[in-house]
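S.K.: Structure in structure tokens, see below.
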Amino acid sequence: MLTHVRLAVSEAGPKDGGLVVMEGSAPLFEKFFKEFPPDRTKGPLAALHYDFYPFQDEELKWYEARGCKIVKVCAEPGDLVLWDSRQMHYAVYPETDLIRTVIYTCYTPAAWISPEDLEKKKEIFHKWEATTHWPHINIHSHGKHMIDGKLDPLEKPEMTDKLEKLAGLKPY
């Protein structure tokens with residue numbers, strides 16, 4: 001199972017931006033992607049991989065027709081939210097001025113990554129670039145983190161054995 005974890009650092013009420021999930025959708029994952037495979041010909045926000053899929057209204061209706069319900073996840077600072085990544089989920093824009101602050105992580109068994117993908121992951125990590133949501137497949141760079149079109153001046157952490165294990169670069 002691919003598990004997403006979200007730690008709320010700020011309030012996430014019903015009108016604040018944040019996570020929306022479709023209750024009951026995880027068991028429909030394979031069936032959905034047989035009917036709606038990623039298609040890079042559908043415009044600038046088209047799905048390129050299974051780890052990011054921009055849902056359209058008709059696809060939400062597909063889930064609703066199968067009994068799934070949209071749930072806006074509300075959380076307080078310190079709340080930990082875990083979900084199976086096969087569950088249809090997306091983020092909504094806020095209707096308030098509150099700045100949403102969360103920490104996301106994603107886990108799969110280390111044994112699932114191929115030696116080739118592990119090498120790609122190491123290369124991207126050592127360039128301080130971002131990858132996809134999935135830690136074991138579809139490993140490709142999303143580039144360096146930018147703020148207002150400029151390279152983010154984040155201070156780099158000390159490269160330690162523990163950091164490389166936490167990043168999934170070394171066995172633990």
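S.K.: Can you give me the number of residues within region 2-58 that are basic (K, R) and modelled with pLDDT under 85?
M.R.: 3
S.K.: A further question follows. Tell me which residues, restricted to region 116-136, are assigned to a helix (DSSP H, G or I) and either among the polar types (S, T, N, Q) or open to solvent by 90 Å² or more (accessible area, probe 1.4 Å) (or both).
M.R.: E116, E119, K120, E123, H126, listed by residue number.
S.K.: On to the next question. Specify which of the listed residues (T96, T108, T160, T132) is of a type in the set (S, T, N, Q) and at pLDDT below 80.
M.R.: Answer to the check: T132.
S.K.: So, one more: Looking only at region 141-172, count every residue that is under 22 Å from the mean Cα position of the chain (by Cα) and hydroxyl-bearing (S, T, Y) and tell me the total.
M.R.: 1
S.K.: I'd like the residue in region 161-172 that is assigned to a loop (DSSP other than H, G, I, E, B) and open to solvent by less than 50 Å² (accessible area, probe 1.4 Å) and, out of all such residues, is farthest from D84 (Cα to Cα).
M.R.: L169
S.K.: Going through region 70-93 one residue at a time, which ones are assigned to a loop (DSSP other than H, G, I, E, B), open to solvent by 50 Å² or more (accessible area, probe 1.4 Å) and touching a Gly at 6+ places or on another chain (Cβ under 8 Å)?
M.R.: C74, Y93
S.K.: Sort out which residues of region 94-109 are within 16 Å of the chain's Cα centre (by Cα) and part of a loop (DSSP other than H, G, I, E, B), and write them in order of number.
M.R.: R100, T101, T108
S.K.: Hey, can you tell me all the residues within region 11-36 that are open to solvent by 20 Å² or more (accessible area, probe 1.4 Å), touching a strand residue (DSSP E or B) at 6+ places or on another chain (Cβ under 8 Å) and either within 27 Å of L98 (Cβ to Cβ) or of a type in the set (D, E, K, R) (or both)?
M.R.: Residues satisfying the conditions are E11, P14, E23.
S.K.: So which residues in region 137-151 are open to solvent by less than 100 Å² (accessible area, probe 1.4 Å) and either charged (D, E, K, R) or modelled with pLDDT of 90 or more (or both), if there are any at all?
M.R.: K144
The values are calculated or read from the model by the stated rules, or taken from the named source; none is laboratory data. As the structure is a prediction and not an experimental result, all values here were calculated from the model. Here Cβ is always computed from backbone atoms with ideal geometry, including for glycine, and neighbour counts include all displayed protein chains. Side chains are part of the model used for accessible areas, which takes the heavy atoms of the whole protein and leaves out ligands, DNA and RNA. Shrake-Rupley method; radii C 1.70, N 1.55, O 1.52, S 1.80 Å.
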